[in-house]
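Novice: Please find one structure pasted underneath; my questions will follow.
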Amino acid sequence: MKIKYDNSNVRRQDRLLDELRAIELLRTAEYGVMSMADTYGEPYAVPVNFVWDTESSIYIHCAPEGKKLRILAKNSKVQLCIIGRVNLLPHKFTTEYESVIISGTARIGLNEDERKKALELILNKLSPNDKEVGMKYAKKSFHRTEIIRIDINSFSGKAKVVNDNQ
């Protein structure tokens, strides 16, 4: 399934991130900030490690209890902000950056097979040289691990590049 790259809501259309680079960030970025709203409309954002399944979902691991899981049980709509390259240019009073915003629906309570598959994907991405040891650790701590799957509805990307002439 092809995920929808939709930049129609990006205000600065002159700063759109190329879709191929946005996909590269989905594949390689180490972390993102997941944002959600509780039942009172209060915002909650938390940094998370994640992995994209190269299709239409993102997986996040966490403890089997906590605030984000309580919120997601009642409101499954989320956004995940991924930051790519950043270059602060203090002498120009600006910053070069690239970012991707993912809008989606979070799912919890996944079956055991999907949770194991997600942990393997996470290890492949974040600990590829220690995968064998990581799988043993994951198996031993499996009962203490929850997996959140974000089904991607759409994503957008933005970047700012400063020319030396500016």
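The values are calculated or read from the model by the stated rules, or taken from the named source; none is laboratory data. Since we're looking at a predicted model, the values are computed, not measured. When we count neighbours, we look across all protein chains shown, and the Cβ atoms used for this are built from the backbone with ideal geometry, even at glycine. For the accessible areas, the whole protein counts, side chains as well, though only heavy atoms, and no ligand, DNA or RNA atoms are used. Shrake-Rupley method; radii C 1.70, N 1.55, O 1.52, S 1.80 Å.
Novice: Could you order peptides 144-155, 84-95 by the average number of other Cβ atoms within 10 Å of their residues, highest first?
Specialist: Most protected by this proxy first, the peptides run 144-155, 84-95.
Novice: With label points built 7 Å along Cα→Cβ from the Cα atoms of Leu126 and Arg12, find their separation and express it in nm.
Specialist: 3.0
Novice: Solvent-accessible area per residue for the chain at a 1.4 Å probe radius, Å²?
Specialist: Here the residues of the chain average 61 Å² of exposed surface.
Novice: How large is the helix-only mean residue ellipticity at 222 nm for the chain, computed as the sum of -39500 (n - 2.57) over DSSP H runs with n ≥ 4, divided by its residue count, in deg cm²/dmol to the nearest 500?
Specialist: Calculated at 222 nm, the ellipticity per residue is -8000 deg cm²/dmol.
Novice: Taking the Cβ of Glu96 as the centre, find all other residues whose Cβ is under 12 Å away and add up their charges (Lys, Arg: +1; Asp, Glu: -1).
Specialist: Local charge sum for Glu96: +3.
Novice: Same structure again: Please report, in debye to the nearest 20, how large the charge dipole of the chain is about its Cα centre when each Lys and Arg carries +1 at its beta carbon and each Asp and Glu carries -1 there.
Specialist: 300
Novice: Moving on. At 20 angstrom or more along the helix axis (alpha-carbon based) and mean Kyte-Doolittle of 1.0 or higher, what helices does the chain contain? Whole DSSP H runs only.
Specialist: The qualifying helices: there are none.
Novice: In whole percent, how big is the carbon plus sulfur part of the accessible area of the range 75-117, probe 1.4 Å, protein atoms only?
Specialist: Result for the range 75-117: 54 percent of the exposed heavy-atom area is carbon or sulfur.
Novice: Shifting gears a bit: Quick check on the range 54-124: what does the Kirkwood estimate of hydrodynamic radius come out to from the alpha carbon pairs, in Å?
Specialist: Details: mean 1/r = 0.0671 Å⁻¹.
Final number for the Kirkwood radius of the range 54-124 is 14.9 Å.
Novice: Can you tell me, using C-alpha contacts under 8 Å and at least 6 residues apart, the relative contact order of the chain as a whole percent?
Specialist: Numbers: 298 pairs, mean separation 52.4, N = 166.
After rounding, I find 32 percent.
Novice: Full extension from Arg70 to Thr94: what is 0.36 nm times the residue separation minus their Cα-Cα distance, to one decimal in nm?
Specialist: 4.8 nm is the gain from fully extending Arg70 to Thr94.
Novice: Where does the charge balance sit around Ala73 when Lys and Arg score +1, Asp and Glu -1, over other residues with C-beta under 15 Å from its C-beta?
Specialist: Here the charged neighbours net out to +4.
Novice: Here are some pairs, Lys4/Lys158; Lys4/Lys160; Lys74/Lys136; Lys67/Lys125; Lys77/Lys158; which of them have Cα atoms lying more than 24 Å apart in this structure?
Specialist: Lys74/Lys136; Lys67/Lys125, as the Cα separations exceed 24 Å there.
Novice: Plugging the Kirkwood radius over Cα pairs into Stokes-Einstein for the chain, at a temperature of 37 °C and a viscosity of 0.692 mPa s, what D comes out in µm²/s?
Specialist: 192
Novice: What whole-number distance in Å separates the alpha-carbon centres of the range 57-75 and the range 113-156?
Specialist: Between the Cα centre of the range 57-75 and that of the range 113-156, the gap is 14 Å.
Novice: Give me the number: length gained by fully extending Val33 to Asn111, i.e. 0.36 nm times residue separation minus the C-alpha to C-alpha distance, one decimal in nm. Write down the numbers at each step before the final one.
Specialist: Numbers: separation 78, 0.36 × 78 = 28.08 nm, distance 2.48 nm.
Between Val33 and Asn111, full extension yields an extra 25.6 nm.
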